[in-house]
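J.: The structure under discussion is supplied below as structure tokens; questions concerning it will follow.
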Amino acid sequence: MNDSHLILGVDIGGTSIKAAVVDTSRGALTTAVLRAKTPQPATPKGVIAAIGELAKRLKWRGPVGVGFPGLIKHGVVRRAPNLDASWVRHEIVDHLRRALGVSFAAVGNDADAAGLAEARFGAGRGVRGTVVLVTLGTGIGSAVLHNGSLLPDTELGHLEVGGQDAEKFASTVARERNKWTWEQWGRNVDRYLTTLEYMLAPDLFIIGGGVSAEPEQFFRYLENVEAKIVPATMGNDAGIVGAALFAVPGVKALARKRKRTAP
Ligand code: BGC
């Protein structure tokens, strides 16, 4: 059997690191999801050692794709607002390759990973036009896709609305920290999404993060948004599947090809 479509997908989160082997041709996990606690402080050394342990438990020596909660350019971390400050300027791709003893590792943004996965296999499957996915969790992550192709590294969770970073009033952590009701928070999310809509005119918004499991709590307050809004459908798997997709050569080109031949 040709196993070239099997890739280890790793999702680095603020509280846990999750990994599973992914069949990237189907967007399906082929092993259980293994978890490790994100070390505190979440330094490069600690986090990469934890990923190494997970790979070892899965007996994995093949290609690896990682979703990272920050901005990476050319294999180097530029920003990681919710991890340890020592990540900035860290050569994450080289470090991973060496630590895991693998010849190929690809790293990208965690929300881009979720966006790619949802666009190919989940809530955005087959959707033409512009799709914006936002993950409302510890931070806010964003993924912008057009006809299935990703515009990477958008970082729209830090858009300032009314002079305030969106993460400070529309993330799940902001809701918990400020003890806002779902309605108070939902109206904040509405304000955030209407601002994004004004700038990007998406055809579809996908809401990811833990709250995608309870849309009945706040979707009714998203009343000023004109685009269709749907919850993500792949749950935690989206981050892992999308991370694995980062390691598939030409994944964006493939997405374009698939869409063009669609009816
Ligand atoms: C980071 C993003 C990340 C998001 C979700 C934000 O604070 O800037 O890069 O996607 O959190 O983890």
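J.: Return the long-range amide H neighbours of Ala106 (sequence gap of 5 or more, or a different chain), with a cut-off of under 5 Å between placed amide H atoms.
T.: Val64, Gly65, Val66
J.: Further question on the same structure: Calculate, in whole percent, how much of the Cα-Cα pair population of segment 97-156 lies beyond 20 Å.
T.: Working: 576 of 1770 pairs.
Tail of the P(r) past 20 Å holds 33 percent of the pairs.
J.: Binning at 10 Å from 0, report for the chain what percent of all alpha-carbon pair distances ends up in each bin.
T.: 7, 32, 36, 20, 4, 0
J.: Which residue, Thr30, Thr135, Thr181, tops the fluctuation ranking in a GNM of the chain built on C-alpha contacts under 10 Å?
T.: Maximum fluctuation in the GNM of the chain, among the listed residues, is at Thr181.
J.: Bin by bin, in steps of 5 Å, what percent of the Cα pairs in segment 1-53 do you find, going until the bin that has the longest distance?
T.: For segment 1-53, the binned pair fractions read 5, 20, 27, 17, 14, 10, 5, 1, 0 percent.
J.: Any chance you could list the semi-axes, whole Å, largest first, of the equivalent ellipsoid that the Cα gyration tensor gives for segment 155-232, using √(5λ)?
T.: Largest first, segment 155-232 gives 17, 16, 11 Å.
J.: While we're here: How large a share of the accessible area of segment 30-189, in percent, is made up of carbon and sulfur atoms when the probe is 1.4 Å and the other protein chains stay in place?
T.: Details: 3720 of 7330 Å².
Here it works out to 51 percent.
J.: Quick check: pseudo-label points 7 Å beyond the Cα along Cα→Cβ at Phe104 and Val76, how many nm apart are they?
T.: Output for this residue pair reads 2.5 nm.
J.: I would also like to ask the following. Distance in nm between label sites at Asp94 and Arg220, each 7 Å beyond Cα in the beta-carbon direction?
T.: 5.5 nm
J.: Right, here's the next one. With an 8 Å Cα cut-off and a minimum separation of 6 or more residues, compute the relative contact order for segment 108-263 in percent.
T.: On the way: 282 pairs, mean separation 48.4, N = 156.
Contact order relative to length: 31 percent.
J.: Taking the square root of 5 times each eigenvalue of the Cα gyration tensor, what semi-axes in Å does the equivalent ellipsoid of segment 115-263 have, largest first? Numbers along the way, then the final one.
T.: Working: eigenvalues 139, 47, 39 Å².
In descending order, the three semi-axes are 26, 15, 14 Å.
J.: Hey, can you find the accessible area per residue of the chain for me, probe 1.4 Å, expressed in square angstrom? Let's see the in-between values first.
T.: Details: 12300 Å² over 263 residues.
Per-residue accessible area for the chain comes out at 47 Å².
The values are calculated or read from the model by the stated rules, or taken from the named source; none is laboratory data. Predicted model only: the values in this text are computed from it and were never measured. Glycine gets a Cβ as well: all are built from the backbone with ideal geometry, and neighbour counts include every protein chain shown. What goes into the accessible areas is simple: the full protein's heavy atoms, side chains included, and nothing from ligands, DNA or RNA. Shrake-Rupley method; radii C 1.70, N 1.55, O 1.52, S 1.80 Å.
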